[in-house]
Amino acid sequence: MSKPLEMRAVYTETLLQLGQMDERIVLLEADLMRATGSKNFKDEFPHRTFNVGVAEANMVSISAGLSSAGKLPFANTFACFAARRTFDQFFISANYARLNVKLVGSDPGVTAALNGGTHMAFEDMGIMRTIPKLVIFEPSDPISLKKLMHACVEYYGCTYMRLHRSFADVLYDETDDFELGKGKVLRQGKDVALIATGVVMVGEALKAAEILAEKGISATVVDMHTIKPIDRDLVIQLAETCGAIVTCENHQIVNGLGSAVAEVLVEEIPTPMARVGVKDLFGEVGTLDYLKERFGLTAAVIVEHAEQVLEKKKSH
Amino acid sequence: MLDEKTLTELTEKAKEIRALTIDAIGYLGVGHLGGSMSVVEVLTMLYYRHMDIDPANPRKVDRDQLVLSKGHAGPTLYSVLADKGYFPKEWLHTLNRGGTRLPSHCDRNLTPGIDMTTGSLGQGLSAAIGIALSHRLDGIASKIFVIIGDGESNEGQVWEAAQAASQFKLNHIIAFTDYNKLQLDGFMHEIMNIEDLTSKWVSNGWFVQRINGHDLAQIDLAIERAKNEPLRPSMIVMDTIKGKGVDFAENQSNNHNMKLDYETALAAIAKL
């Protein structure tokens, strides 16, 4: 495995490449440019970069106006502001108006770490998932980030991307293909399927699968990078092949990945499942490792849930 | 300057637009009468004298655009667009009915000639900034007109946008405040006063004019001056009367969204 890469560097390099290929692409920032690291885009395209100051709502409606005039805006802020603060602007100016705004929320969930509870978005996907037609995704490694950004530019319509900003292991090869709405199977097993989303939880799910293997339990690991639309076919197939499912998300268990998977299972193929994620708690300040323990977002917790689900599977 | 003949024609046109709008709202029986009446003159002046538009090609890239940020005044804009030929006048009688192309608040996807979806107050000026920035990148010199409500000016986002348009030197934005002094719940000075409105826009770096928003000649002159402003975005604060032209509704605190039976509407039209 190659060395971990800084996701924000991959994001800004990819945005720059996309900007060189497609002159519709413009960048909007709300005074977090130093955090995003998007200076390279601004240096190359100063006239296509708009920093609106600390005014996220304004940024999103401006993005909608740019889109209505034919531009392809990427609007960056922290996930907490993207979802909580700009919801109505994103809903009405961008989505309801059927425009093409790419909203990016960085530092999702526990990765907000030292910024603490005010900045800790455990609810952004849940809020966003109620917007009709919106595509919501969170890349799990540098390669999927790059490829999903290309896919999101090719797609006409609003998207919300959760962006892990710091370092992430490389999980994929350059030859891997990615499609919005199609999950990726990272490891094949037969006893239980661990469906995870995002850098933090895909990583923990892979670790959990190793621990389970040592216990003689064979786990499938899926990177469900897109939580809306959820990959229904894959969820059904996992239920058929494994008969037990654990979802893993750096987010409230309400209305995120776990809910999306549960909705498919209940409607299509009732299957024992458990949801690993934040259980009705506000965020807190701390290091990433502390917060993962604090909110139960670790391989050990996934293993525990997998074993519980396997018990249920026996009597199912 | 407006010559006498043009002024007479435009006065007559404003009367027609007012009549079509009262008719549409009365035919339905209820609607945003007050705020629709207060923007009749400015919309007439924009669409029949100032805006470079082509009803046969509503999405022409270099057209002038209007963002009706107070989207609830849609009925007046629909009357103008129908009269300009964007769609048949018969549509006006479908206002707000299930399946209509003319919804309560403006929708760019439903109605030919509507440039931006609005209705959630406070967002229109921001969207206009986006359009203006895009045009600047593309070297398009067209104007982006925006109409903001006075009650809408309570929204914080309006002032976020005020800063940004000034910072970005968007002199192609020409905005109006429909200052009829009434918001939904009553008189602004009793609910949430926005004075000194003129100074607020001046202090945000805008070129500001204040006029009688029912005086066509004053509107015309203000737009001409705004078009010649080389650097700053323009705000034209229009003193208006909510419900203007409908005597029983004029300046009444309950006229934001009111019932209007068709017989009463026809009688009001006869008095114009």
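The values are calculated or read from the model by the stated rules, or taken from the named source; none is laboratory data. Owing to the predicted nature of the structure, the values given are computational and were not obtained by experimental measurement. Because the Cβ atoms are built from the backbone with ideal geometry, glycine has one as well, and the counts that use them run over all protein chains shown.
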- prompt: Counting only residues that are under 22 Å from A:Glu304 (Cβ atoms) and buried (at least 18 other Cβ atoms within 10 Å of the Cβ), which one in segment A:266-285 is nearest to the chain's Cα centre (by Cα)?
  reply: A:Gly277
query: Does segment B:55-68 contain at least one residue that is surrounded by fewer than 18 Cβ atoms within 10 Å (Cβ to Cβ) and of a type in the set (A, V, I, L, M, F, W, C)?
result: yes
task: Can you give me the number of residues within segment A:1-39 that are over 21 Å from the mean Cα position of the chain (by Cα) and either modelled with pLDDT under 95 or not assigned by TED's automatic domain parsing to the domain that holds A:Ile143 (or both)?
output: 5
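With the condition kept exactly as written, say whether any residue in segment B:112-123 is within 9 Å of chain A (Cβ to nearest Cβ) and surrounded by fewer than 24 Cβ atoms within 10 Å (Cβ to Cβ).
Narrowing segment B:112-123 to residues within 9 Å of chain A (Cβ to nearest Cβ): B:115-120, B:122-123.
Filter once more, so that each one left must be surrounded by fewer than 24 Cβ atoms within 10 Å (Cβ to Cβ): B:119-120.
Yes, there is a match, as at least one residue in segment B:112-123 is within 9 Å of chain A (Cβ to nearest Cβ) and surrounded by fewer than 24 Cβ atoms within 10 Å (Cβ to Cβ).
Can you give me the ranges of the helices (runs of 4 or more DSSP H) entirely in segment B:1-86 with at least 3 residues that are hydroxyl-bearing (Ser, Thr, Tyr)? Step through it out loud before you land on a result.
Values: elements: B:4-28, B:33-37, B:40-45, B:74-84.
By residue number, B:4-28, B:74-84.
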query: If you go through segment A:46-73, how many residues are more than 10 Å from chain B (Cβ to nearest Cβ) and more than 22 Å from the chain's Cα centre (by Cα)?
result: 2
- line: Checked segment A:286-316 for anything in a helix (DSSP H, G or I), crowded, with 18+ Cβ neighbours inside 10 Å and within 19 Å of the chain's Cα centre (by Cα); matches are A:Leu291, A:Lys292, A:Ala299, A:Ile302
query: If the Cβ limit is 7 Å and pairs must be 6+ apart or interchain, which residue in segment B:98-110 that is within 14 Å of chain A (Cβ to nearest Cβ) and surrounded by 12 or more Cβ atoms within 10 Å (Cβ to Cβ) pairs with which residue that is charged (D, E, K, R) and part of a loop (DSSP other than H, G, I, E, B)?
result: B:Arg108/B:Asp115; B:Leu110/B:Arg101
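Before we move on, is A:Val110 part of a loop (DSSP other than H, G, I, E, B) and touching a residue at least 60 places away in the same chain (Cβ under 8 Å)? Give the derivation first.
On the way: part of a loop (DSSP other than H, G, I, E, B): no; touching a residue at least 60 places away in the same chain (Cβ under 8 Å): yes.
No.
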task: Look through segment A:192-219, keep the residues that are in contact with a helix residue (DSSP H, G or I) (Cβ under 6 Å, 6 or more places away or on another chain) and of a type outside the set (A, V, I, L, M), and return whichever of them is surrounded by the most Cβ atoms within 10 Å (Cβ to Cβ).
output: A:Thr197
task: Consider A:Asn76 carefully, then state whether it is out of contact with any Phe, Trp or Tyr (no Cβ under 6 Å at 6 or more places or on another chain), in a strand (DSSP E or B) and away from chain B (no Cβ under 13 Å).
output: yes
- line: Reported set for segment B:125-153 where residues are facing chain A (nearest Cβ under 8 Å) and small (Gly, Ala, Ser) is B:Ser126, B:Ala127, B:Ala128, B:Gly130, B:Ala132, B:Ser134
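Step by step: first the residues of segment B:154-190, then only those that are in a loop (DSSP other than H, G, I, E, B) and polar (S, T, N, Q), then the one that is nearest to the other protein chains (Cβ to nearest Cβ). Which residue is that? Write out each step before concluding.
The first filter runs over segment B:154-190 and keeps only residues in a loop (DSSP other than H, G, I, E, B), leaving B:155, B:168-172, B:180-181, B:184-185.
Next, only the ones that are polar (S, T, N, Q) stay: B:171, B:180.
Numbers: B:Asn171: 16, B:Asn180: 24 Å.
The selected residue is B:Asn171.
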